[in-house]
């Protein structure tokens with residue numbers, strides 16, 4: 001009881017600290033930028049809400065202006081027409097750089113033969129560096145060539161920088177006063193400093209795919225809704241910054257794939273209810289599983305290398321199940337198997353039977369059950385069982401016959417000699433009759449000698465006689481057994497010497 005309560009308390013404590021750390025991390029990350037944006041700075045008495053037009057670059061800025069500067073801590077709006085807002089949010093300056101914390105909108109037109117002229121609204125919430133002017137330092141007048149040296153300094157957001165033609169008029173008023181510094185107009189430059197959320201699209205071959213991003217602490221939660229599956233993963237800020245994709249404007253799937261590969265756990269949720277978590281690869285406008293956990297809607301699971309795409313043909317014309325040798329499959333009924341358990345069915349079923357099962361199934365349990373109930377497979381199982389049973393009976397019969405033969409030898413020659421003859425162990429003192437009980441005991445050429453009153457026989461191994469013996473036993477398949485037996489000549493067929501009918505010498509080749 002106490003142990004359970006302690007575990008519960010620890011779990012709650014861990015959850016609390018994890019939540020607190022997350023909150024502190026978010027606050028710490030955003031505080032340095034947001035503090036200036038969120039502080040409500042009182043409007044100066046002379047502040048006025050103005051809409052300023054920058055004709056040369058075709059945009060407007062609406063915001064509070066005082067002392068020829070936009071007022072910090074107030075809303076500022078950039079737009080091209082009254083209904084076409086470019087970016088809006090709270091304006092502030094940090095370290096001499098102008099920022100807007102708010103929302104950037106863009107109407108993007110996609111051109112492709114299948115989606116030509118399609119327009120979509122791209123929305124980014126975040127922190128943006130924003131400039132519309134440059135400090136130009138003018139010096140070193142060259143009267144001979146009538147030229148000036150001009151150096152561009154830092155960019156800023158300005159209320160009324162000089163237009164290009166006015167800049168040159170000011171410079172040429174009195175060249176003797178150089179060097180001089182001027183604030184000159186430039187195109188509106190908006191750079192992403194950080195993203196809080198993003199809604200956009202990826203261009204596929206024949207459609208536009210929604211992509212959504214939400215910032216989570218120092219990382220980003222990425223969600224892409226494909227036709228038949230949804231991809232979710234977490235991408236780090238450093239990865240996006242290093243790859244220069246903080247704007248999430250992926251022109252090509254190859255760039256997106258490089259980003260996704262940095263994530264160890266990608267989640268694919270299929271429309272049919274199946275889920276995969278792990279490593280993925282990109283092929284033909286789809287992200288597919290490589291290695292991880294694949295869970296079917298009915299509870300079937302595969303862990304390891306998996307490429308479960310059994311509704312499509314592989315290069316060999318078969319519908320491919322995609323199981324790997326190192327995978328582990330746990331069926332919904334709790335049965336666990338390893339490796340490519342479907343291979344045994346594929347070896348029995350016809351190509352058509354195999355393909356029909358895969359095309360018309362949704363789970364691994366369904367596939368397994370259909371394979372198991374197939375008549376051809378069931379016949380194969382019965383046939384295999386029958387062969388095993390026949391083999392088992394034959395083995396049992398062989399053991400019975402061998403035991404009977406052994407008993408006969410013991411009865412005939414006694415326990416010691418009977419066992420040695422049964423094991424075909426050449427032993428000094430054996431009689432010729434005993435050796436002839438050996439399986440190939442007749443595979444010898446015999447020469448006889450009588451010397452000093454002793455009768456001696458020399459038995460030399462004869463391959464030709466061995467061949468004749470094996471042919472008698474095995475018939476047409478004798479050559480296979482002959483090749484096998486000849487490999488053991490040295491130990492199995494030593495030369496023998498019998499003196500007065502008793503084995504007196506064993507000579508190895």
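Each value in this text was obtained by applying a stated rule to the coordinates, not by laboratory testing. Values in this document were obtained by computation on a predicted structure and should not be read as measured data. In this analysis, Cβ positions are derived from the backbone assuming ideal geometry, glycine residues included, and neighbour counts consider all displayed protein chains.
Taking Cα centroids, how far is the range 52-117 from the range 129-189 in Å?
Their Cα centres are 24 Å away from one another.
What FRET efficiency comes out for the pair residue 406/residue 445, r = Cβ-Cβ distance, R0 = 30 Å, nearest 0.05?
On the way: r = 29 Å, r/R0 = 0.97.
E(calc), rounded to 0.05, equals 0.55.
In the range 171-254, what is the volume of the convex hull around the alpha carbon atoms, normalised per residue and reported in Å³? All intermediate terms of the calculation are to be shown ahead of the outcome.
Details: hull volume 14.2 nm³, N = 84.
Convex hull of Cα atoms, per residue: 169 Å³.
Taking the Cα of residue 455, stepping 7 Å toward and past its beta carbon, and measuring to each backbone N in the range 417-449: which are under 13 Å?
In the range 417-449, the label zone of residue 455 (backbone N under 13 Å from the point 7 Å along Cα→Cβ) covers 432-433, 448-449.
Given labels modelled 7 Å from the Cα in the Cβ direction, how far is it in nm from residue 500 to residue 80?
12.4 nm
Give me 124, 181 sorted ascending by neighbouring Cβ count inside 10 Å, so fewest comes first.
Working: 124 24, 181 11.
The fewest-first ordering by Cβ neighbours comes to 181, 124.
Using r as the Cβ-Cβ distance of residue 265 and residue 338, and R0 as 22 Å, what FRET efficiency do you calculate, to the nearest 0.05?
The formula returns an efficiency of 0.40 here.
If you bin the C-alpha pair distances of the range 48-203 every 5 Å from 0, what whole percents do you get?
Pair shares across the bins are 2, 8, 15, 17, 16, 13, 10, 8, 6, 3, 2, 0, 0.
What nm value, rounded to one decimal, do you get for the distance between residue 97 and residue 237 when each label is placed 7 Å out toward the C-beta?
Modelled inter-label distance: 1.2 nm.
Give the Cα extents of the range 204-295 along the principal axes, in whole Å, largest first.
34, 29, 20
Taking Cα pairs under 8 Å and at least six residues apart, what relative contact order does the range 48-203 come out at, in percent? The partial results should precede the final answer.
Details: 328 pairs, mean separation 31.2, N = 156.
Relative contact order here is 20 percent.
Based on the Kirkwood radius over alpha-carbon pairs, what value in µm²/s does the Stokes-Einstein equation return for the translational diffusion coefficient of the range 246-289 at 37 °C and 0.692 mPa s? Mind dumping the intermediate values first?
On the way: Rh = 11.5 Å.
It comes out at roughly 287 µm²/s.
How big is the range 137-181 by Rg and Dmax over its Cα atoms, in Å?
Rg and Dmax of the range 137-181, Cα atoms, are 11.5, 36 Å.
For labels at residue 160 and residue 415 in the simple 7 Å Cα→Cβ model, what's the distance in nm?
For residue 160 paired with residue 415, the spin-label model returns 12.7 nm.
Please give the contour-minus-distance gain from residue 359 to residue 508: 0.36 nm per residue of separation, less the Cα-Cα distance, rounded to one decimal in nm.
Using 0.36 nm per residue and subtracting the Cα-Cα distance, I get 47.0 nm.
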